[in-house]
Amino acid sequence: QVQLVESGGGLVQAGGSLRLSCAASGRTFSTYAMGWFRQAPGKEREFVAAITWSGDSTYYADSVKGRFTISRDNAKNMVYLQMNSLKPEDTAVYYCAADFLSTATIVNNIDYWGQGTQVTVSS
């Protein structure tokens, strides 16, 4: 069992930065691939970024590549999403996700979700 709690969301102007954090509970955290997804009003939940259990590989949606960086600290059971050069279209609820068997890039493969944190980017 893994429980995920996100923090760090908020209101920021376009071009600004935010850092999201995800605190995970459970002794098996280091065995899960971790990801960030987002969902805007009226839209489906979409993949943003993911990182393998070891941290050796990362994956990004084309829309955030070069602007967002995912990282993890297995010793602290933490996952982070550094978001730079934010755009109004990045506005959404951001969810932390854990995937035991896959790469945490596909919604239907996710085993555990956090409750989400709101990110709002004003123009």
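The values are calculated or read from the model by the stated rules, or taken from the named source; none is laboratory data. The structure presented is a predicted model; accordingly, all values stated were derived computationally and were not measured. A quick note on method: Cβ atoms are made from the backbone with ideal geometry, for glycine too, and the neighbour counts reach across all protein chains shown. The accessibility values were calculated without ligands, DNA or RNA, using every heavy atom of the protein model including side chains. Shrake-Rupley method; radii C 1.70, N 1.55, O 1.52, S 1.80 Å.
Across segment 1-27, the qualifying residues are those that are surrounded by 13 or more Cβ atoms within 10 Å (Cβ to Cβ) and of a type in the set (Ser, Thr, Tyr), and the one among them that is farthest from Gln118 (Cα to Cα) is Ser21. A residue that is on the phi > 0 side of the Ramachandran plot, free of Cβ contacts under 8 Å to residues at least 60 places away in the same chain, open to solvent by 50 Å² or more (accessible area, probe 1.4 Å) and out of contact with any strand residue (DSSP E or B) (no Cβ under 9 Å at 6 or more places or on another chain) can be found somewhere in segment 40-49. Only residues that are assigned to a helix (DSSP H, G or I), more than 17 Å from Thr58 (Cα to Cα) and touching a residue at least 60 places away in the same chain (Cβ under 8 Å) were counted in segment 81-120, giving 1.
Scanning segment 82-96 for any residue that is over 16 Å from Leu18 (Cβ atoms) and not hydrophobic (A, V, I, L, M, F, W, C) turns up nothing. Somewhere in segment 32-49, is a residue farther than 20 Å from Gly10 by Cβ, at pLDDT 95 or above and aromatic (Phe, Trp, Tyr)? Scanning segment 32-49 turns up at least one residue that is farther than 20 Å from Gly10 by Cβ, at pLDDT 95 or above and aromatic (Phe, Trp, Tyr). Just so you know, in segment 80-90 the residues that are out of contact with any helix residue (DSSP H, G or I) (no Cβ under 8 Å at 6 or more places or on another chain) and open to solvent by less than 40 Å² (accessible area, probe 1.4 Å) include one that is nearest to Gly42 (Cα to Cα), and it is Asp90.
Looking across segment 34-49, the residues that are among the hydrophobic types (A, V, I, L, M, F, W, C) and either within 19 Å of Asp111 (Cβ to Cβ) or assigned to a strand (DSSP E or B) (or both) come down to Met34, Trp36, Phe37, Phe47, Val48, Ala49. Among residues of segment 54-77 being out of contact with any Gly (no Cβ under 8 Å at 6 or more places or on another chain), small (Gly, Ala, Ser) and under 22 Å from Leu4 (Cα atoms), the one that is most open to solvent (accessible area, probe 1.4 Å) is Ala75. A Cβ distance below 6 Å, combined with a sequence gap of six or more or placement on separate chains, defines the contacts here; from segment 1-19, residues that are basic (Lys, Arg) reach no residue that is buried (at least 17 other Cβ atoms within 10 Å of the Cβ) and part of a loop (DSSP other than H, G, I, E, B).
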